[in-house]
Amino acid sequence: MTVLERAERALVKVAEVLSGGKLVEVSAVHISGVSYLTIRDAGLHFLEELAESGARFRVPATVNPAGVDPLHLSPELRETLPHDFVEKQCRILHALEKLGAELTLTCTPYLYRDFRNQVVAWGESSAVIYGNTVLGLRTDRWGGPLTVLAAVVGKVPETKLYRDEGRYPTHVVEVRVGQRYPWSLVGYCIGTVLRSGTPYLKLRGVPQGRELRNFLAALATPSNINRCVLPGLTPDLVEPRGRVPEVVITEEDLRRICEDLELREEPDCIALGCPHYSYEDLREILSILVRLGSRVRYPVLVFVSRVLYQRLLQEEKVLLEKLRKYGVDVVSGTCIVVSPLCESLGYRHVLTDSAKAAHYLRTLHRCRSSVTDLETCLRVATGAVRPW
Ligand code: F3S
């Protein structure tokens, strides 16, 4: 039996459980679970064996952030990170490239390519919820190994989110929370209360750009929610079919759920870019720092895709240099969650603008974490405020 036949057979088995045996063709795949931190030797060997077997991806495949981007590793980090980790991460990326993946190393592939209205197989929860909510694309939230098989075969099980009937709102959720809470915390609170379904969200306004990505990523973190309906923004199947349960989220819910994410003690580091920041977000950081007129006093790490980092190196190195002058490090192709940076650099309390990052810093890295908005993160970083 060829590798392709074996991969197809595995997908059919999964489809028998999830979708009555039905498969659907996909036009693209986004592969998650590529950090050596999370997949370890078992994942590395699976990818290497697949690449050695002669299997190749049939559809375009983008790739999530890795544990480190070996192509753009600063000399300091090369010194600090365990040699074995960097070497094994390189092997994972090499195997993926051999299979035919494009090493975008980002959780925001939609910032660099137009995926609107496509049927795809994506594996990164923050991208899945963004695609289903904002771009009209159709995908379920697939695990890393299944995204690899989907890229080889060009199909996935046709689960509910690929069909109209699985995309209608299942709840109406009214959010009665004041302006002072960052969108990321509001999203985290909705996800914690609701846990599953497709909420039709009545919000105090609609977040835009980075705040929208951050809000949706946070909402998907404590839940199995892979699609929301945002009136005026979601392009497809927005009205509930008949009566659906109504849920109200209050400030009391938010205080209860997010209380311990408040900044109450001095951080060791400020981590931004979960999901990955865009070019516009980097410009916003610079303009806030110019306005504050001060270098940062704490390490500030901003995570971006390899695609954006390379573009900056080629076309706008001056932006990287200006940020560096203010003490800000832009880091390519990884993030504070999927890299071993916290442990290697000895961070024990990270301040971030992302409830998703804060959640995984606690659960994966056993690192304390606090959440506030970008402006406050930078005010803390420059010493303009000390809320502890
Ligand atoms: Fe992306 Fe890493 Fe956050 S993959 S969504 S930056 S946890």
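The values are calculated or read from the model by the stated rules, or taken from the named source; none is laboratory data. What you see is a predicted model; the values in this text were computed from it and never measured. Glycine gets a Cβ as well: all are built from the backbone with ideal geometry, and neighbour counts include every protein chain shown. SASA here: full protein model, heavy atoms, side chains in, ligands and nucleic acids out. Shrake-Rupley method; radii C 1.70, N 1.55, O 1.52, S 1.80 Å.
If I filter the stretch 186-199 for residues that are outside the structural domain of SER305 (by TED's automatic domain parsing), within 15 Å of the chain's Cα centre (by Cα) and open to solvent by 70 Å² or more (accessible area, probe 1.4 Å), do I get at least one hit? No, the stretch 186-199 has no match at all.
Within the stretch 110-146, being surrounded by fewer than 24 Cβ atoms within 10 Å (Cβ to Cβ) and in a helix (DSSP H, G or I) holds for TYR110, LEU111, SER125, VAL134, LEU135, GLY144, PRO145, LEU146. Listed by first and then second residue, the pairs linking a residue in the stretch 243-262 that is without any contact (Cβ under 8 Å) to a residue 12 or more places away in the chain to a residue that is surrounded by 13 or more Cβ atoms within 10 Å (Cβ to Cβ) and outside any loop (DSSP other than H, G, I, E, B), with Cβ atoms under 9 Å apart and 6 or more places separating them unless they lie on different chains, are ARG256/CYS189; ASP260/SER370.
Condition test on PHE115, is it more than 16 Å from the ligand (Cβ to nearest atom), over 26 Å from GLU158 (Cβ atoms), among the hydrophobic types (A, V, I, L, M, F, W, C) and not assigned by TED's automatic domain parsing to the domain that holds PHE303?
Details: more than 16 Å from the ligand (Cβ to nearest atom): yes; over 26 Å from GLU158 (Cβ atoms): no; among the hydrophobic types (A, V, I, L, M, F, W, C): yes; not assigned by TED's automatic domain parsing to the domain that holds PHE303: yes.
Spelling it out, it is not the case that PHE115 is more than 16 Å from the ligand (Cβ to nearest atom), over 26 Å from GLU158 (Cβ atoms), among the hydrophobic types (A, V, I, L, M, F, W, C) and not assigned by TED's automatic domain parsing to the domain that holds PHE303.
Scanning the stretch 151-181 for residues that are under 30 Å from LEU263 (Cβ atoms) and modelled with pLDDT of 95 or more yields VAL173, GLU174, VAL175, ARG176.
Counting only residues that are free of Cβ contacts under 8 Å to residues at least 60 places away in the same chain and of a type outside the set (Gly, Ala, Ser), which one in the stretch 292-309 is nearest to ASN64 (Cα to Cα)? Full working, then the answer.
Our first condition is that a residue be free of Cβ contacts under 8 Å to residues at least 60 places away in the same chain; within the stretch 292-309, this holds for 293, 299, 301-302.
Filter again for of a type outside the set (Gly, Ala, Ser), leaving 299, 301-302.
Numbers: PRO299: 24, LEU301: 18, VAL302: 16 Å.
Only one residue fits best here, namely VAL302.
Exactly one residue among GLY67, GLY33, GLY43, GLY20 is on the phi > 0 side of the Ramachandran plot and in contact (Cβ under 8 Å) with a residue 40 or more places away in the chain, and that residue is GLY33.
Could you count how many residues in the stretch 352-374 are on the phi < 0 side of the Ramachandran plot, open to solvent by 40 Å² or more (accessible area, probe 1.4 Å) and of a type outside the set (A, V, I, L, M)?
Here is the first cut: in the stretch 352-374, the residues on the phi < 0 side of the Ramachandran plot are 352-365, 367-374.
Filter once more, so that each one left must be open to solvent by 40 Å² or more (accessible area, probe 1.4 Å): 359-360, 362-364, 368, 373.
Checking the rest, the ones that are also of a type outside the set (A, V, I, L, M) come to 359-360, 362-363, 368, 373.
So the count comes out to 6.
Residues in the stretch 375-388 that are open to solvent by 10 Å² or more (accessible area, probe 1.4 Å) and closer than 18 Å to TYR277 by Cα: 2 in all.
Tallying residues that are touching a residue at least 12 places away in the same chain (Cβ under 8 Å) and surrounded by fewer than 22 Cβ atoms within 10 Å (Cβ to Cβ) within the stretch 317-341 yields 8. Select, from ARG306, ARG283, ARG311, the only residue that is away from the ligand (no atom under 15 Å from the Cβ) and within 30 Å of GLY144 (Cβ to Cβ). Answer to the check: ARG311.
Could you list, in sequence order, the residues of the stretch 205-237 that are among the acidic types (Asp, Glu), under 20 Å from VAL304 (Cβ atoms) and assigned to a loop (DSSP other than H, G, I, E, B)?
Let us first name the residues in the stretch 205-237 that are among the acidic types (Asp, Glu), namely 211, 236.
Right, trim to under 20 Å from VAL304 (Cβ atoms) and you get 211.
Once the filter is applied, which keeps residues that are among the acidic types (Asp, Glu), under 20 Å from VAL304 (Cβ atoms) and assigned to a loop (DSSP other than H, G, I, E, B), the stretch 205-237 yields nothing.
Would a scan of the stretch 244-251 turn up a residue that is within 16 Å of the ligand (Cβ to nearest atom), of a type in the set (A, V, I, L, M) and surrounded by 15 or more Cβ atoms within 10 Å (Cβ to Cβ)? No - not one qualifying residue is present in the stretch 244-251.
Which residues, taken from the stretch 162-183, are outside any loop (DSSP other than H, G, I, E, B) and in contact with a strand residue (DSSP E or B) (Cβ under 6 Å, 6 or more places away or on another chain)? Working first, answer last.
Pass one, the stretch 162-183, residues outside any loop (DSSP other than H, G, I, E, B): 162, 164-166, 171-176, 183.
Across the stretch 162-183, the qualifying residues are TYR162, HIS171, VAL172, VAL173, GLU174, VAL175, ARG176.
Just one of TYR309, TYR298, TYR279 is open to solvent by 10 Å² or more (accessible area, probe 1.4 Å) and in contact with a His (Cβ under 9 Å, 6 or more places away or on another chain); which is it?
Going through TYR309, TYR298, TYR279 in turn, the sole match is TYR309.
Please tell me if ILE270 is over 30 Å from LYS88 (Cα atoms), of a type in the set (A, V, I, L, M, F, W, C) and modelled with pLDDT of 95 or more. Considered against the rule, which asks whether it is over 30 Å from LYS88 (Cα atoms), of a type in the set (A, V, I, L, M, F, W, C) and modelled with pLDDT of 95 or more, ILE270 comes out as no.
All conditions but one from (1) open to solvent by 30 Å² or more (accessible area, probe 1.4 Å); (2) farther than 21 Å from THR192 by Cα; (3) among the polar types (S, T, N, Q) apply to THR170; the one that does not is (2).
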